Structure formats: structure tokens, C-alpha cells
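Q: Submitted below is the structure of interest, expressed as C-alpha cells.
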Amino acid sequence: MQDHVNILIADDDPAAVETMGQALRSLGHACTIAAGAQDALERAHSGAFEVVITNLALGGGMGREILRAARATSPDTQVIVVADGANVPQAVTAMTEGAMTYLQKPLNLAELTAVVDRASEYVALRRDREALQSELIGRYGAHHIIGQSRPMLKVFERIRQAAATDATVLIQGETGTGKELVARAIHYTGHRRHSRFVPLNCAGLVETILESELFGHEKGAFTGAVSSRVGLFEHAHRGTVFLDEIGDMPMASQVKLLRVLEHNEIVRVGSNEPIKVDVRVVAATNTNLREKVRDNLFRRDLFYRINVVTINLPPLRERPSDIPLLMEHFVAALSKAHDRIVHGITPGVRRLLLRAEWPGNVRELRNCLEHMIVVTTDDVLGEDDLPEYLQAASEGLPRQPTLDTLVGQPIDEVEKFHIARTLELVGGNREKAAQLLGIGARTLYRKIEKYNLR
């Protein structure tokens, strides 16, 4: 069963309009009847219709103008032209201008419904494509990268600039900083987003296998090549190839990659015939390529060819203000993924996570929180839920007072505890804390000074 579509019917033959309207409404389609040629032209310009059925002779021959208006406003609109015998040559010409097909009078209802079914099938495919594209952009767009620190704001701006072009991009950063996520954001927010994003990790692949992966091979090119194979560059035609850990690429493969970048063509392993490709290259590395160039481990000409736009991803230790945002994001996402209910993290663990070095960067933080969510036995992540290597660090943490231990203590201690916990809750935002505590901002500042809560 095809999806229902919005149809505009434009014909000056009342009997034909009535016949088409009844037949298509019976199939569940929404049909609008144009009140003459000018009304049809205005409605076609609105872009509100996914299918337009127009008589070429409408209004003294305005059918093709209606066709052009519908296609100019919405190129995906399917236009079906109707013609009598004398206008068939014009109908054929209309198909070269974007009409889906033509129907000849007198109309055959079976033919009409079959053609509209084909049109609605195309519309359904387009809807699915747009939904998938929206999902991909939502999943991989720059707004999905978590951070509001100054270093990350620079990264977002560079992603925006790179996505608007076809320039080759080099992403530099330590392991776990999110280099592939940035590469996907560049692809899915750029004009190549409707084509493929093809990633390949260059580390650990021997030269023959790497070149076969990138450029493909012909049957018999090497032992085990029992058939021809399309490489990633051909597979990603009009899309993006992401080469992770490009610093580990063998020197011989670097020569061939340079040819792709300079001439937009590849040669399959075992062949001498060049094949044209239209591919954007985004590369990434966790090593210092300039040092590799100096040590003759990476080609200087290739380095300058891929280093057109550079994005340097900061390690997590250089953007500690983003850690609370990342914790909040990961706890929410991972709790949902594992079907667990987690309401928060104890203050002691929160402080530990904030001051940790995180050599594995964002990936390590995510893995730590996932471990805690999986093993926790209650709805608050505490010291007992930490991975073993972090539990040792938590043993030295001073234990924070609780409401139970504050019973019988001086009122100042209770107030200090309450203000400190509120400030933690709002991430140090003093204005929000003052609102929650029901006191003025100046009063809160004085108490922060009094209790040395800086």
C-alpha cells in the first residue's frame, strides 16, 4: 500500500476533474481542485502538493507553465500532464522539462491510479530519505558534540567553516577526544551529506590490504583475490572518506593517496586503468605529523596536501569545565540504553571525576560512567560503583557530611552544607543557587565568603 499524498488537479474539463477526484480520493489521497489556470499556477507555486495533475491545454496552454512552477518550487514534486491526441507531442516535450509522465484523453482510470501509485511510492521513498537524513544530522551534527568551553567553541566554529567547503581536513587530537565524531559532523552538515561517509582506520594494516581497502583490486591481483573488488574511494563516490590514524599509513600507500588528492582518480591493485572519483578526504591522527615528516616517516607533500584545514581537538584535561556537561549527558544516555534509573552522582565521586586526568579523554569518561551504571545497585552512583582503578583514588577523598551526621551540629554547619550542595547542584551558578535558596545574590556572596566556599 502506497503512502497517501497531496494532489493538485488542474483541468478545465469538469467531467474529467470529477472522475479523477473520486478515483484518487477513494484511494485515500487528499485532492484539491484548482479553480482555473491562474489558481492552479498560484497553488503550484506554493509547494504544498507532492503530486500535480495538469491538462496541457488548461487556460489556453498554461499546462507547461504550471509544470515549471511546481518543479521550480519543489524539484521533488511529481507532475503528471494530461493531453488529448493533438497535444501528445507537447506532452512528450513536457517530460523533458521534468514531467513524470503523460496521460492521454479519454482517461483510463486504471492507468491513472497506477501512475499515481508510482508517484506516491517515490514520495514515500523521499520521506524516508529525509527522515533518515534528519536522524543522521541529529546524531552526527556538530550540535551533538558536547562542550561549551572556549577550546570547544573554536572547534565548533572550525567545523562550521570546513563543512561549507570541499577542502581536505586534518583532525589532530589524542586518542578518545572524538576525532571521528568531528569528521562525521563535517560530512553530515555539508553538501555531501546525502552521499556515503566511509571510515577506515589505517593503523595495523599491511600495505597490500590497505591499498586493496582504499582502491580496490582486480581478480588475481594477489593471492586470495578470487574476484574483483570495489575500494572505499569508489564506494564513497560524491561522499567522504575518513582516514583515521593516517600517520600510520605505509609510505608506498601515501604516494597513491597523494595521486587521488591531486588528480581525483584511483587505480585498482592489479590494474593500470585510472578511475575518476569525486571524494572529500578527512584525515585524523593522534601523532605529530610534522615530527614524522622531519624523521622521513611521512611524506612532506602529502602532509601539506591533507593539512588544508586543521582542527585541533583539546584533551579533556584542558577543558575541565565541560566535564559536568559530559557527565550529565552520558548518565542520561547510558541509563536509557541499559534501562536503568539513575538520579545522580554523589558529591565525592563528582569531585573525583572532575579532578581526574583522563588520559583516555572523553571515551574513558564515558566508559567509566557506563561501568558505574551497569554495576550500581541503587539510583545514585557512588564510590562503590567506580572502576577498581579509580576506587583506590577515591579512598583518600574526605568524606562529606550528610544530613544525618549534621543533626545536633551548630546551625552554621548545616547552612554551610546546604549552600555547598546547592552550588554543586547548579554547577556553581550563583544566581541560580540564590533563587533556589530563596535569598538575594548579595546575601549568597557574603555567605560564600563566610564559609570559604570558593
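Just so you know, all these numbers are worked out from the coordinates, no wet-lab data involved. Note that the coordinates shown come from a computational prediction; the quantities given were computed from them, not determined experimentally. Using ideal geometry, Cβ is built from the backbone for each residue, glycine included, and neighbour counts are taken over all protein chains shown.
Q: So how many residues does region 44-72 have that are within 20 Å of ALA30 (Cα to Cα) and surrounded by fewer than 16 Cβ atoms within 10 Å (Cβ to Cβ)?
A: 4
Q: While we're here: Has region 224-242 got any residue that is in a helix (DSSP H, G or I) and surrounded by 19 or more Cβ atoms within 10 Å (Cβ to Cβ)?
A: Yes, some residue in region 224-242 is in a helix (DSSP H, G or I) and surrounded by 19 or more Cβ atoms within 10 Å (Cβ to Cβ).
Q: Any residue in region 10-25 that is touching a residue at least 24 places away in the same chain (Cβ under 8 Å), of a type in the set (A, V, I, L, M) and surrounded by fewer than 16 Cβ atoms within 10 Å (Cβ to Cβ)?
A: Among the residues of region 10-25, not one is touching a residue at least 24 places away in the same chain (Cβ under 8 Å), of a type in the set (A, V, I, L, M) and surrounded by fewer than 16 Cβ atoms within 10 Å (Cβ to Cβ), which makes the answer no.
Q: Of the residues that sit in region 279-317 and are assigned to a loop (DSSP other than H, G, I, E, B) and hydrophobic (A, V, I, L, M, F, W, C), which one is farthest from the chain's Cα centre (by Cα)?
A: Only one residue fits best here, namely LEU297.
Q: Return the only residue of THR101, THR96 being within 22 Å of MET62 (Cα to Cα) and loosely packed, with under 12 Cβ neighbours inside 10 Å.
A: THR96
Q: Tell me which of these THR93 doesn't satisfy, since it passes every other one: (1) within 17 Å of THR19 (Cβ to Cβ); (2) in a helix (DSSP H, G or I); (3) of a type in the set (Val, Ile, Thr).
A: Only one criterion in (1) within 17 Å of THR19 (Cβ to Cβ); (2) in a helix (DSSP H, G or I); (3) of a type in the set (Val, Ile, Thr) is unmet by THR93, namely (1).
Q: In region 41-64, which residues are among the hydrophobic types (A, V, I, L, M, F, W, C) and within 38 Å of the chain's Cα centre (by Cα)?
A: Of everything in region 41-64, those that are among the hydrophobic types (A, V, I, L, M, F, W, C) and within 38 Å of the chain's Cα centre (by Cα) turn out to be LEU41, ALA44, ALA48, PHE49, VAL51, VAL52, ILE53.
Q: Continuing with this model, one more query. Give the number of residues within region 318-367 that are within 25 Å of the chain's Cα centre (by Cα) and in a helix (DSSP H, G or I).
A: Adding up the residues that qualify gives 24.
Q: So how many residues does region 10-57 have that are under 18 Å from ALA119 (Cβ atoms) and part of a loop (DSSP other than H, G, I, E, B)?
A: Total satisfying the criteria: 11.
Q: So which of ARG150, ARG158 ends up being of a type in the set (D, E, K, R) and surrounded by fewer than 16 Cβ atoms within 10 Å (Cβ to Cβ)?
A: Sole residue among the options that is of a type in the set (D, E, K, R) and surrounded by fewer than 16 Cβ atoms within 10 Å (Cβ to Cβ): ARG150.
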